[in-house]
1. Can you give the local net charge around GLY35? Use residues other than it whose beta-carbon is closer than 13 angstrom to its beta-carbon, Lys and Arg +1, Asp and Glu -1.
2. Only one of the values (i) 1.07; (ii) 1.04; (iii) 0.99 was calculated from this structure for Rg/Rh (Cα atoms, Kirkwood Rh); name its label.
3. Near LEU154, within a Cβ-to-Cβ distance under 11 Å, what is the net charge of the other residues, with Lys and Arg +1 and Asp and Glu -1?
4. What percentage of all Cα-Cα pairs in region 235-289 are separated by more than 17 Å?
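What follows is calculated from the coordinates using simple rules that are stated; it is not laboratory data. Note that this is a predicted model, so its numbers are computed, not measured. All Cβ positions, even for glycine, are placed from backbone atoms using ideal geometry, and neighbour counts span all protein chains on display.
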Amino acid sequence: MTTNNGLLLIDKPRGVTSHDVVTRVRKALNEQRVGHAGTLDPMATGLLVVAVGPSTRLLRFAQSETKRYSGIVTVGVATDSLDADGEVLERRDVPDLSRDQVNDAARAMLGPQQQTPPMVSALKINGRRLHALAREGVEVERAARDITIDSLSLEPRESPSEWSFDITCSVGTYVRVVLFDLAVRLGTIGHLSALRRLASGPHRVDDAATLEVFERRVERGDATLLAPRAFVDQLETVVVTEDEAKRLRHGQRVNLDASGDAEIAALSEGGALVAVVRPRGESWQPTVVMPDEETSDRG
């Protein structure tokens, strides 16, 4: 029996939801166990990290990755959603902004900070999506969350109201909030008019396939998934024996030639991911277990 199991990098097009991508992957692979890390709004394009089959157990490692985006911010116009999909709330004359002035303001926003999620977002409060409440005209208190902006740079475009940007930030950062706050710092208003995710941790959009290319590969019977190990490349590794691998897959602890207090990836002698393990006393306990890749073909 063939088992789909691994990591898939999709270049999401504009106008579809992240859930739409998952639905198409499920249909193409005839596999219900499909999930994604890091939701992209319908207007956004770019890298969506998708897990298939047993690898959905590894999604938390992709969820925590640093993200990089590029896009366009339009100043002088504010929308209710802070992006181009929202209704225009206000227009102002565009101030005369220099490249140095804009980037000096951007540099002042770098580092750890707190950010309040926007009302128009997929975040759930008391079981309801904020964007659903916003459509009903309801506004609720949102707890600020810790984020980090590692880098933010901007370049002017032909229109004086448009600036291209490149940002690297922590998981959970709302880029449209960052750009609105930047516009306010510059004495104006603004909104996100284009967004593209370039990277998530070690994964790059240059290595991703469009949905159409992915579906053609499946139709041809080509390999479409990266090995589950690709989810945990950032972890330290240890090679286990065949007997240790069997014990780990049965949820048993093993003694390994490893040290530290963090999770590590246990690999077979052939390099396949057997399990993610954590220290428990003098031994190591599996926290995530993968099926034997030698008896399960990857899609």
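1. So the environment of GLY35 carries a net charge of +3.
2. The listed entry that was calculated here is (ii).
3. Details: positive: ARG99, ARG107, ARG157; negative: ASP100, ASP104, GLU155, GLU162, ASP166.
Net charge in that neighbourhood comes out at -2.
4. Numbers: 286 of 1485 pairs.
For region 235-289, the share of Cα pairs beyond 17 Å comes to 19 percent.
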